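Readers should treat all values here as calculations from the given coordinates under stated rules, not as data from a laboratory. Nothing here was measured: the structure is a model prediction, and the numbers come from that model. Here the Cβ positions follow ideal geometry from the backbone for every residue, glycine too, while neighbour counts run over all protein chains shown.
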Ligand SMILES: Nc1ncnc2c1ncn2[C@@H]1O[C@H](COP(=O)(O)OP(=O)(O)O)[C@@H](O)[C@H]1O
Ligand SMILES: [Mg+2]
């Protein structure tokens, strides 16, 4: 089921938790709301599930506005952060609950619940009580319990945040597999950008109650169109600058540490425009040349050996230091801290962000 | 449009509106009526009554007497209750299970019965006094202090037990580990953490002591305290309700004052807790020189309770109590044939208490729900009002009901359900706290998950809340029921010749020294309460207080 919110606004007293958000969640896809803690993700979800009433705007489930429909009449299921598993019911009873409430025939309940338990890999544990399960297994119970009612949309609010790192990776694969298998529309909430990248068809980056950017993970990663997204997604260096000259193929930009050339990506760039520049840490190379196009001089502050790469933090005379990742380093090429070095940025890898 | 919004607000807050109405009607209104009455002289506002009270040495004396009892009782009960709670939870004391059982026993007997038992035992004409041919005199200040100190221990215990349990023993161990002496650890860690709960239990005992009039009436001799004066003013030959209101206000005003500033003073609220699983005890090693005095102390208290109750039982089995000690069982059949219509009284007691338990628990849990789940101003306000009866002495609560519901828009006195309502609302704090404690352990997301899967509000209540809330429901229900069976302080003003109850009749008999009827009736009453409580705990499958 397609879900759409239009100009959704939610206040708590003076605080605007969700600020006129419009967004479409495609049918059968997994869309993630990604943003730092407190940016309004949960509030948005709760407006969709019906636990909050929006102050302004509309929530569409399918084609109908559901603002006035109470939670239990919406075709929406939620996997909560604390799971909300019923401790006084067995695993099977938990999973069967939604069907019982809907007064489905006994045989159907039996079959459906068992099928779901099998799908999430809990086929044999139906008679256990939730207390007797591990954290990962409880997670699966919560998933099965929500999916069994074949919801038009499944909401997941940071469902993995209580699990340890390894289990988190495993469970997110599991969720994605189920989603692809069942083609359920899912709205997934997380503040973990790696998790968001790994699991989503589409990403909506959120900050301070507003949507900053929407797109597929690759687009968002490569082509952030605002400073917040650029800084929040992946490790990125971000600098403000001004356009010095615009040529056919290239533009030259004035930055705090000198001027550089970048590829011209759009037609409406004009001399004098203020722009943001983003470059990923991997898009530098360390060079022996002391001068040349896009070569910057700097001082090495720290170096960190991270196994498959080495991360340098370089002072180029700005407030923020620049991060540089060098892949597959050889131990003997390690630079010493305090040393002067030169970085080259490839013109193609510089990405201009309108300010 | 405006009307629609108003309508929606009311509909969404139906529960709040109903609860507010109940609390205002059955707690605030009667109390305000007491104050109003105390400031009324011949229909005009005046402080003349208070002037009269404080300028009369006799009344000031009674007020001072009241404090002279309440202060030592508060200190002793709190200390004993704390020792009991701490040792039951933390120390390995031989026989501590038995001590606990005996020390909690006063919770199920009418509060005045211990006073009566004590006077039978070592009173002026007591069994032991006669036997040893002594001439001591416990009637008066001493007797009241002894009895109250013992019978209020359980309330301290129930207030403290949870706090002691939630004290992480690791903290004590860390302190020891860092080289602190046992006493230093106790003082700086254990006591420091328990101070709020201790202050709360002390306050509770203080209020209970001021409210209790059965004990001073039966063992106080000529030593007058305020609660007895209120009682006499209410039921004496020329009923002086107005004067009772003045004395009630003198009692109530400082208590409400304490309640209001308490939040700032103590910062943390803890009340009698009757629900919640008895957590696994984590004992710690203690030296014998700490265990020994504690064991002795608990032993003495337990023995005293045993002797007091034992005396009552023995006296019910002799020909003429205190005079002729020939064994006989005759008193029991005679009781049932006498003018004391035991079956009717019993039926009345049970009927009244059961309804009180139902009302108190339902209203209490509803308030707990609103206050925990809605997190709204109205929720907090409702909880605040619901906890006020904690500070209202039963006698004053009774006077308030007489004044408020005799005439006017709710005329209920003379009906039996006003008794049930009175008991229910006086014990509301216990139900609210039981409900809150339980509810805080039920994750809100469980209810939302159920709603989300299509369950309506009612269905969520039935499937999720009710089963998980059951322990609180039973615990507070049974507590209120048992309290209803044994209470007198408020209901004594509300009973009528047509609808009397067991406990009130018992006080009546004992006060008039109908020992041959009183002692067996006391035994019957206690036995029945014990039976009902055990039965209910069995049926509900809850562990209960383990009495
Ligand atoms: N019930 C509430 N009452 C008051 N403020 C709230 C409530 N729920 C959320 N907020 C506030 O709204 C903002 C957004 O919260 P939330 O939607 O939970 O963010 P997220 O899920 O992204 O962490 C936060 O500042 C939070 O403190
Ligand atoms: Mg959240």
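Send over the Kirkwood Rh of region B:447-546, from the inverse of the averaged 1/r over different Cα pairs, rounded to one decimal Å.
The Cα-based Kirkwood calculation yields 16.5 Å.
Over 10 Å intervals from 0, what percent of Cα-Cα pairs in region B:1-139 sits in each interval?
9, 15, 21, 22, 18, 10, 3, 1, 0
At 0.36 nm per residue, and after removing the present C-alpha to C-alpha distance, how many nm does the segment from residue A:242 to residue A:346 gain when stretched out fully?
So the extension gain works out to 35.6 nm.
How large is the Kirkwood hydrodynamic radius of region A:111-208, counting all unique pairs of alpha carbons, in Å?
Across region A:111-208, the inverse of the average 1/r is 14.2 Å.
Calculate, in nm to one decimal, what residue B:25 and residue B:68 gain on full extension: separation in residues at 0.36 nm each, minus their alpha carbon distance.
That works out to 12.0 nm of additional length.
Stokes-Einstein D for region A:228-321 at 37 °C, 0.692 mPa s, Kirkwood Rh over Cα pairs, in µm²/s?
222 µm²/s
What does the convex hull of the alpha-carbon atoms of region A:158-272 project to on average, in nm²?
Here the figure is 9.9 nm², rounded to one decimal.
Per residue of B:58-71, count partner chain C-beta atoms within 10 Å of its C-beta, then hand back the mean as an integer.
0
Quantify how strongly other chains surround peptide A:83-93 by giving the mean number of their Cβ atoms within 10 Å of each of its Cβ atoms.
4
Which percent of Cα-Cα pairs in region B:1-58 sits in each 10 Å bin, short to long?
19, 25, 21, 17, 13, 5, 1
With the cut-off at 22 Å, report for region A:1-112 the share of all Cα pairs above it, as a whole percent.
So the pairs more than 22 Å apart make up 43 percent of the total in region A:1-112.
If the label point is 7 Å along Cα→Cβ of residue A:257, which residues in region A:273-294 have backbone nitrogen under 20 Å from it?
Residues A:275-294 qualify, since their backbone N sits under 20 Å from the label point.
Name all residues of region B:499-533 having a backbone nitrogen under 17 Å from the label point set 7 Å from the Cα of residue B:341 along its Cα→Cβ direction, giving them as ranges.
Once the point is set 7 Å along Cα→Cβ of residue B:341, B:499-506 turn out to lie under 17 Å by backbone N, inside region B:499-533.
Checking a compactness column here: for chain A, what do you get for Rg(Cα) / (2.2 N^0.38 Å), N being the number of residues?
Working it through for chain A, the quotient is 1.21.
Give me the inter-chain shielding for B:433-443: mean count of other chain Cβ atoms within 10 Å, whole number please.
Shielding by partners across B:433-443 averages 1.
Post the alpha-carbon centroid distance, region A:253-304 to region B:129-156, in whole angstrom.
Each part reduced to its Cα centre gives a spacing of 92 Å.
Just to confirm my numbers, what's the Cα centroid distance between region B:360-431 and region B:452-469 in Å?
Measuring centre to centre over Cα atoms gives 27 Å.
In what order do B:376, B:489 fall by count of nearby beta-carbon atoms within 10 Å, going from fewest to most?
B:376, B:489
Alpha carbons only, please: Rg and Dmax for the protein assembly as shown, in angstrom.
Considering the protein assembly as shown through its Cα atoms, Rg and Dmax are 36.7, 124 Å.
To the nearest Å, what is the center-to-center distance of region A:91-131 and region B:1-64, using C-alpha atoms only?
55 Å
Seen from all sides and averaged, what is the projected area of the convex hull of the Cα atoms in region B:13-540, in nm²?
Averaging across all directions leaves 27.5 nm² for the Cα convex hull.
Quote the FRET efficiency, to the nearest 0.05, computed for residue B:470 versus residue B:48 with a Förster distance R0 of 51 Å and r equal to the Cβ-Cβ distance.
My answer for the efficiency is 0.45.
If R₀ is 56 angstrom, what is the calculated FRET efficiency for the pair residue B:8 and residue A:270, using the beta carbon separation as r and rounding to 0.05?
0.55
Quick check on the exposure proxy: order B:315, B:247, A:318 from fewest to most C-beta atoms within 10 angstrom.
A:318, B:315, B:247
Mark the label point 7 Å from the Cα of residue A:216 along Cα→Cβ and return the residues of region A:187-208 whose backbone N is within less than 15 Å of it.
A:197-204
Can you give me the relative contact order of region B:13-540 as a percent, contacts being Cα pairs under 8 Å and 6 or more apart?
Worked out over region B:13-540, it gives 21 percent.
Could you work out how far helix A:91-101 tilts from the main Cα principal axis of chain A, as a 0 to 90 degree angle to the nearest 10?
70 degrees
Hey, can you rank B:435-446, A:266-277 by average C-beta count inside 10 Å, highest first?
My ranking of the peptides, most packed first, is B:435-446, A:266-277.
With a 10 Å Cβ neighbour count serving as the proxy for reagent exposure, in which order, fewest first, do B:198, A:133, A:117 appear?
Starting with the residue having the fewest Cβ neighbours, the order is A:133, B:198, A:117.
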